[in-house]
């Protein structure tokens, strides 16, 4: 209801109309004077509305009085008699809303609070996604984490050696030293360069070329605990009979004595005994060799390995230092694949028992061969007809040439050749290599074998896991990670690598 000046305005309009009619003036539209809200009283007699006069139009406005304590667990109302707000508690377990669609279905509790229920499940059990819930819509999403799910971390490429294969790599205790090899740009390439990789800083530093041996590939290298010994291999045009010792502490090379050294060769075995490097067998031209020599870096001297009673000539054979004797097994003599071998004792410079062939793996070349601390492990390789994924363990302490125990082949990596393996102290890691017709199918997968004491079982390493397929690469174990570098890709030498823990290799 509006009173006061509104009545005055009505009277004014009436008087004006009478005057216009009496004088004969036409009634035409004219601006109505606005008298404002002075003396205007707006009242709808409802205590739950706010009454006011609009200063612009002079009209009464009746606004509902809103009671709101922002608590979804109270019923808010205006009390007519008291002209005040009342907030009545909702019943316990009444549905309520807290503007979060992700924290479950909310209900009111006895304390008049809106309590959330079980939240929306967002975890998809995938460590490589970021799980979230939109609080407005309740929609759950799983965003992929860039780079996650890859087992291999890429090694730094800045300062790394140029691409190569048929190189060597040794682990010093804190660095990996890569040296020699060849690339594929020029068929006669033989490299005498290298670099040291520090996994703690993911950095490379060049190996000094001053005083380095002649460039070569298919050579051998061992770590003595102080220096890296490089020997043999093939240069730009011939087999090499020389070598050198590289000291990473001084970044310097010292030539190895040539007097008494074995004849030049490739695909030979080189084993470190703890005090000597033993070179034996190998290939020169098309002929396998059955000769060798022992090098003592302290005295810089060579001593011949006795040929009387030695195994037959061979190359790509297994050679493992078994604590007090050298074990030679398998390989090829160019015309056939071999499944036999012998023990060599450097203390007496003599070949002793022939290795027992009962239960031995089938004949093969280029097999994995490692010393587990109690047994010689042989796995994989090529028998001239097919690639292999079986193996066995030789107990060298058993009488009559030792005894063999077959390795479990369930879940073993696919048959392969030109792969690389490393013993961690508890597990064998196999990775890479090739299969298929003429080794035309390259692999980027592998497996981890647990010792007999730990179950004699394999776990697969999946492919497509951050490191490209390759053969003839290098591999080292740091005590915490496996590091792979270089090798041959589909049609080219590679200049990259990766590192991974066993847990990551097996996680995906």
Query raised in the report: So which residues in segment 466-502 are farther than 25 Å from residue 183 by Cα, outside any helix (DSSP H, G or I) and under 12 Å from the mean Cα position of the chain (by Cα)?
Result: 481, 500, 501
Requested in this report: Please verify whether segment 419-426 includes one or more residues that are farther than 23 Å from residue 174 by Cβ and part of a strand (DSSP E or B).
Outcome: no
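Listed here are the residues, each with its yes/no results for (1) part of a loop (DSSP other than H, G, I, E, B); (2) in contact (Cβ under 8 Å) with a residue 12 or more places away in the chain; (3) on the phi > 0 side of the Ramachandran plot.
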| site | (1), (2), (3) |
| --- | --- |
| 312 | yes, yes, no |
| 328 | no, yes, no |
| 343 | no, yes, no |
| 352 | no, yes, no |
| 360 | yes, yes, no |
| 373 | yes, yes, yes |
| 377 | no, yes, no |
Query raised in the report: Based on what the data block shows, is residue 237 more than 39 Å from the chain's Cα centre (by Cα) and at pLDDT below 95?
Result: yes
Query raised in the report: part of a loop (DSSP other than H, G, I, E, B) and touching a residue at least 40 places away in the same chain (Cβ under 8 Å), is that true of residue 410?
Result: yes
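Here is a yes/no grid of residues against (1) modelled with pLDDT of 95 or more; (2) touching a strand residue (DSSP E or B) at 6+ places or on another chain (Cβ under 8 Å); (3) surrounded by fewer than 18 Cβ atoms within 10 Å (Cβ to Cβ):
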site	(1), (2), (3)
420	yes, yes, no
439	no, yes, yes
442	yes, yes, no
448	yes, yes, no
453	no, no, yes
Report summary line: For segment 165-174 the number of residues that are at negative phi and surrounded by 21 or more Cβ atoms within 10 Å (Cβ to Cβ) is 5
Query raised in the report: Does residue 119 count as free of Cβ contacts under 8 Å to residues at least 40 places away in the same chain and in a loop (DSSP other than H, G, I, E, B)?
Result: yes
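The values are calculated or read from the model by the stated rules, or taken from the named source; none is laboratory data. In this text, all values refer to a predicted model and were calculated from it rather than measured experimentally. When we count neighbours, we look across all protein chains shown, and the Cβ atoms used for this are built from the backbone with ideal geometry, even at glycine.
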